[in-house]
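Undergrad: Sending over a structure as structure tokens; questions will come in a sec.
The values are calculated or read from the model by the stated rules, or taken from the named source; none is laboratory data. Here the structure is a predicted model, which is why all the values come from computation and not from measurement. Cβ atoms come from the backbone with ideal geometry, glycine included; neighbour counts cover every protein chain shown.
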Amino acid sequence: MYPVLFKIGSLPINSYGLMLAVSFVLGLWLAARRGEAAGVQRNDIYDLGIRLMIAAIVGSRLFYVFTHVPEFQGHWFDVITIWKGLYGLSMLGGVILAVAVGFYTVWRKKLPVWELADAVIPSFALGIFVTRIGCFFNGCCFGSETSCSLGVAFPDLAMPYCNTGMIPGTHIHPTQLYSSLAGLFMIIVLLCADRRRHFPGFIFAFFIGLYGVTRFGIEEFRYFDHEPNMLFGFSSIAGRSGITDNQLISLIMLVYSILLGIWLYLRYRRIYSTSS
């Protein structure tokens, strides 16, 4: 665990912040290359990328706050101090707001919506792959206790053992790395699927479904707060009786991706049959 990778003078370089920056640069590079193939200028891609980056950070923070309201009652100023709190950010909220802002920006600029969505969305998977490695170095977004061979132990004063009831040295699921591998899997699948003929919007809808499925599965191994801090009151992995907030939203994303895919396919068939 390396929350601070190194220092430049007295300035600490945070591992999560660095990986977030790296993911943004790589994602923007990939989106620009794929966007040009869809007939979109690089400047439009760069402008869109900056908007998505800001939306992802804001959405991640807002979703965390929304699902941990008791943590901020009486000191709401802490909402804008993202370095506070047990986790501080929720990537699911970032994905949702970034997608919403992206579609609004594309609509305002009258860009090819679904073609551009297909071009840009693999960058989200790339971002998940890179930033979750930063989560592992930082010690956040950790998993539940386990005795399986994949379990890892963090340093005694690490985040997984602070206010969780877990004894220092307890082996836990490295869910950060599970998420990172899921991101790598998604980007490989999306890029391979994009090499085959498909209707506009297919890659976008496919990503939404893939993300919903992988996130739902990984949530089974995550550690969660006690009941008062959860939006729907679900407890930790060891004793919960239902699904978590993120799992519920993941299921909604899966259903949405299927319905969206069907609608886009029928739309494409209708347009194709009319033009022919």
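Undergrad: Among the residues of region 191-209, which ones are assigned to a helix (DSSP H, G or I) and in contact with an Asp or Glu (Cβ under 8 Å, 6 or more places away or on another chain)? Break it down into steps so the answer makes sense when it comes.
TA: Of all residues in region 191-209, those assigned to a helix (DSSP H, G or I) come to 191-194, 202-209.
Result: ASP194, PHE202, ILE203, PHE204.
Undergrad: Quick one: is ARG222 more than 28 Å from ARG267 (Cβ to Cβ), touching a residue at least 40 places away in the same chain (Cβ under 8 Å), buried (at least 21 other Cβ atoms within 10 Å of the Cβ) and charged (D, E, K, R)?
TA: On the way: more than 28 Å from ARG267 (Cβ to Cβ): yes; touching a residue at least 40 places away in the same chain (Cβ under 8 Å): yes; buried (at least 21 other Cβ atoms within 10 Å of the Cβ): yes; charged (D, E, K, R): yes.
When the stated conditions are applied, ARG222 passes them.
Undergrad: Could we say that PHE199 is touching a helix residue (DSSP H, G or I) at 6+ places or on another chain (Cβ under 6 Å), surrounded by fewer than 22 Cβ atoms within 10 Å (Cβ to Cβ) and in contact (Cβ under 8 Å) with a residue 60 or more places away in the chain here?
TA: On the way: touching a helix residue (DSSP H, G or I) at 6+ places or on another chain (Cβ under 6 Å): yes; surrounded by fewer than 22 Cβ atoms within 10 Å (Cβ to Cβ): yes; in contact (Cβ under 8 Å) with a residue 60 or more places away in the chain: yes.
Considered against the rule, which asks whether it is touching a helix residue (DSSP H, G or I) at 6+ places or on another chain (Cβ under 6 Å), surrounded by fewer than 22 Cβ atoms within 10 Å (Cβ to Cβ) and in contact (Cβ under 8 Å) with a residue 60 or more places away in the chain, PHE199 comes out as yes.
Undergrad: Next question, about the same structure. Within 21 Å of ASP194 (Cα to Cα), small (Gly, Ala, Ser), surrounded by fewer than 14 Cβ atoms within 10 Å (Cβ to Cβ) and in contact (Cβ under 8 Å) with a residue 40 or more places away in the chain: is that true of ALA31 in this structure?
TA: Numbers: within 21 Å of ASP194 (Cα to Cα): yes; small (Gly, Ala, Ser): yes; surrounded by fewer than 14 Cβ atoms within 10 Å (Cβ to Cβ): no; in contact (Cβ under 8 Å) with a residue 40 or more places away in the chain: yes.
Criteria not met by ALA31.
Undergrad: Scan (1) within 17 Å of SER23 (Cα to Cα); (2) out of contact with any Ser or Thr (no Cβ under 8 Å at 6 or more places or on another chain) for the single condition ARG132 breaks and write down its number.
TA: (2)
Undergrad: Looking only at region 150-187, filter to residues that are of a type in the set (Ser, Thr, Tyr) and part of a loop (DSSP other than H, G, I, E, B); which one of those is surrounded by the fewest Cβ atoms within 10 Å (Cβ to Cβ)? Before the answer, list the steps.
TA: Going residue by residue through region 150-187, those that are of a type in the set (Ser, Thr, Tyr) are 161, 164, 170, 175, 178-180.
Still in the running and part of a loop (DSSP other than H, G, I, E, B): 164, 170.
Details: THR164: 19, THR170: 17.
Result: THR170.
Undergrad: Further question on the same structure: May I ask you to verify whether SER147 is modelled with pLDDT of 90 or more, hydroxyl-bearing (Ser, Thr, Tyr) and either touching a Lys or Arg at 6+ places or on another chain (Cβ under 6 Å) or in a helix (DSSP H, G or I) (or both)? Walk me through it before giving the result.
TA: On the way: modelled with pLDDT of 90 or more: yes; hydroxyl-bearing (Ser, Thr, Tyr): yes; either touching a Lys or Arg at 6+ places or on another chain (Cβ under 6 Å) or in a helix (DSSP H, G or I) (or both): no.
For SER147, the condition - modelled with pLDDT of 90 or more, hydroxyl-bearing (Ser, Thr, Tyr) and either touching a Lys or Arg at 6+ places or on another chain (Cβ under 6 Å) or in a helix (DSSP H, G or I) (or both) - is not met.
Undergrad: Let me confirm something: among PHE103, PHE72, PHE24, PHE6, which residue is among the aromatic types (Phe, Trp, Tyr), closer than 22 Å to LEU177 by Cβ and surrounded by 13 or more Cβ atoms within 10 Å (Cβ to Cβ)? So that I can check it myself, show each step before the final result.
TA: Details: PHE103 fails: closer than 22 Å to LEU177 by Cβ; PHE72 fails: closer than 22 Å to LEU177 by Cβ; PHE6 fails: surrounded by 13 or more Cβ atoms within 10 Å (Cβ to Cβ).
Residue meeting the stated conditions: PHE24.
Undergrad: Please work out which one of (1) crowded, with 22+ Cβ neighbours inside 10 Å; (2) farther than 14 Å from PRO122 by Cβ is the condition GLN41 fails and give its number.
TA: (1)
Undergrad: If I filter region 236-245 for residues that are modelled with pLDDT under 90 and part of a helix (DSSP H, G or I), do I get at least one hit? First the steps, then the outcome.
TA: Quick first cut of region 236-245, residues modelled with pLDDT under 90 only: 236-245.
From what's left, part of a helix (DSSP H, G or I): 245.
Yes, region 236-245 contains at least one residue that is modelled with pLDDT under 90 and part of a helix (DSSP H, G or I).
Undergrad: I'm checking my understanding of the structure. Among residues of region 106-142 that are over 16 Å from the mean Cα position of the chain (by Cα) and among the small types (Gly, Ala, Ser), which one is surrounded by the fewest Cβ atoms within 10 Å (Cβ to Cβ)?
TA: GLY139
For (1) small (Gly, Ala, Ser); (2) assigned to a helix (DSSP H, G or I); (3) touching a Cys at 6+ places or on another chain (Cβ under 7 Å); (4) modelled with pLDDT of 85 or more, each residue gets a yes or a no:
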{"residue": "GLY27", "(1), (2), (3), (4)": "yes, yes, no, yes"}
{"residue": "GLU36", "(1), (2), (3), (4)": "no, yes, no, yes"}
{"residue": "TYR46", "(1), (2), (3), (4)": "no, yes, no, yes"}
{"residue": "ILE50", "(1), (2), (3), (4)": "no, yes, no, yes"}
{"residue": "ALA55", "(1), (2), (3), (4)": "yes, yes, no, yes"}
{"residue": "ARG61", "(1), (2), (3), (4)": "no, yes, no, no"}
{"residue": "PHE77", "(1), (2), (3), (4)": "no, yes, no, no"}
{"residue": "LYS84", "(1), (2), (3), (4)": "no, no, no, no"}
